[in-house]
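Quick notes on the structure that follows.
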Amino acid sequence: MLAEDPGRDVGGRLLISMAAFVVIVAGMKAAAPLLVPFLLALFIAIIIAPAFNGLQRLGLPAGIALLAVIIVLVMVIMLFGTLLGNSMDEFLRALPNYQARLRETTTGMIQWLGNRGLEISGETVYQYLDPGKAMKLVSNLLRNMGGLLTNGFLILITVTFLLLEASSFPDKWRVASRNAESTLANFRAGASNINHYMGIKTLTSLATGIAIAAWLFVLGVDYPVLWGTLAFLLNFVPNIGSIIAAVPAVVLALVQAGVTQALLVMAGYAVVNIAIGTFAEPRFMGRGLGLSTLVVFLSLVFWGWVLGPVGMLLSVPLTITVKIALDSHTGTRWMAVMLGPRVTPPEDAGEQAAPESAA
């Protein structure tokens, strides 16, 4: 008999794994309208689970504790829907007028530069650097957020059942899995990490949204509450969320009052995001996320492509969850290590390599 080729076996497993990954991703993208509300409900349940458990530890029955948590959640959803809905409807109705004024402003700037000897093709600007596309991007994002609010009842019901099932999940997993305790320990650590991240991120994003809305209100920019809400939401998006949130407000200020107003808006965004994102957030965030910076950025692109805007908002928690799943199995633990931050090699590795090289 011919001996089996180990290299061919490894290559075959790799091809099968890659094919399975492609099928899973394609399925997730196709099922995004159903998957997004469930994932959002799952992470809301993880965030509010400590409050639910804390009320039970205070002596409240599970039903009353759940009712109290759900009432607070409904109030938050209603407040968010009110803040976003009214301003969003008004902005979308006025959007064509803003786009026309923005095009006039851009044409005027091109003519101003041309009079000073800097010739720029208007067609080239409108084709590659059309500021109106930024406003259209924001309108699409707001429509997606508004569409998500229509699934609020489904999300609420899902959160309720997830919280009810959470108490029995450990016992079921102990029956279903051989290494249940280690997996549960990893899950608790991951849930704690996600809770810590989402809690601090929510508070810092809320502070960012309030500060931005107040600054825009002082400057007289239209729809300050809408742009503050957008800054709150996009602050969850790592790396580029704050930049995307600033674009529509800066463009709108440029249309309304000119370059000086736009520069003041830009300065306000820069000060708020540097003060909160660079100084306050890392101080309170404390421990790291367990992910490398490159993985955080790539996860933003990947989950945004698969699940849309909500995937961008949940990119970090989703990647942390994937890392926990990979870390729970010996065969995939190396992938979890690759997703993590920089590690220090074991000291004995160098000591063992030295005699071999000397020999």
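Answer yes or no as to whether L113 is out of contact with any Leu (no Cβ under 8 Å at 6 or more places or on another chain), under 26 Å from L307 (Cα atoms) and either modelled with pLDDT of 75 or more or not small (G, A, S) (or both).
Details: out of contact with any Leu (no Cβ under 8 Å at 6 or more places or on another chain): yes; under 26 Å from L307 (Cα atoms): no; either modelled with pLDDT of 75 or more or not small (G, A, S) (or both): yes.
Spelling it out, it is not the case that L113 is out of contact with any Leu (no Cβ under 8 Å at 6 or more places or on another chain), under 26 Å from L307 (Cα atoms) and either modelled with pLDDT of 75 or more or not small (G, A, S) (or both).
Looking at (1) farther than 26 Å from V76 by Cα; (2) at pLDDT 85 or above; (3) not charged (D, E, K, R), which one does G258 not meet, given that it meets all the others?
(2)
Check whether at least one residue in the range 169-191 is buried (at least 17 other Cβ atoms within 10 Å of the Cβ), touching a residue at least 12 places away in the same chain (Cβ under 8 Å), hydrophobic (A, V, I, L, M, F, W, C) and over 13 Å from F43 (Cβ atoms), and report yes or no.
Yes, there is a match, as at least one residue in the range 169-191 is buried (at least 17 other Cβ atoms within 10 Å of the Cβ), touching a residue at least 12 places away in the same chain (Cβ under 8 Å), hydrophobic (A, V, I, L, M, F, W, C) and over 13 Å from F43 (Cβ atoms).
If I ask for residues that are without any contact (Cβ under 8 Å) to a residue 60 or more places away in the chain and closer than 13 Å to G308 by Cα, which ones from the range 15-33 would you list?
Step one: list which residues in the range 15-33 are without any contact (Cβ under 8 Å) to a residue 60 or more places away in the chain, which gives 15-24, 26-27, 30-31, 33.
Scanning the range 15-33 gives A30, A31, P33.
Against the definition (in contact (Cβ under 8 Å) with a residue 24 or more places away in the chain, open to solvent by 10 Å² or more (accessible area, probe 1.4 Å), aliphatic (A, V, I, L, M) and touching a helix residue (DSSP H, G or I) at 6+ places or on another chain (Cβ under 9 Å)), how does L230 come out, yes or no?
no
The values are calculated or read from the model by the stated rules, or taken from the named source; none is laboratory data. Source: prediction; values computed, not measured. Positions of Cβ are generated from backbone atoms using ideal geometry, with glycine treated the same way; all protein chains shown enter the neighbour counts. All accessible areas refer to the heavy atoms of the entire protein, side chains included, with ligands and DNA or RNA removed. Shrake-Rupley method; radii C 1.70, N 1.55, O 1.52, S 1.80 Å.
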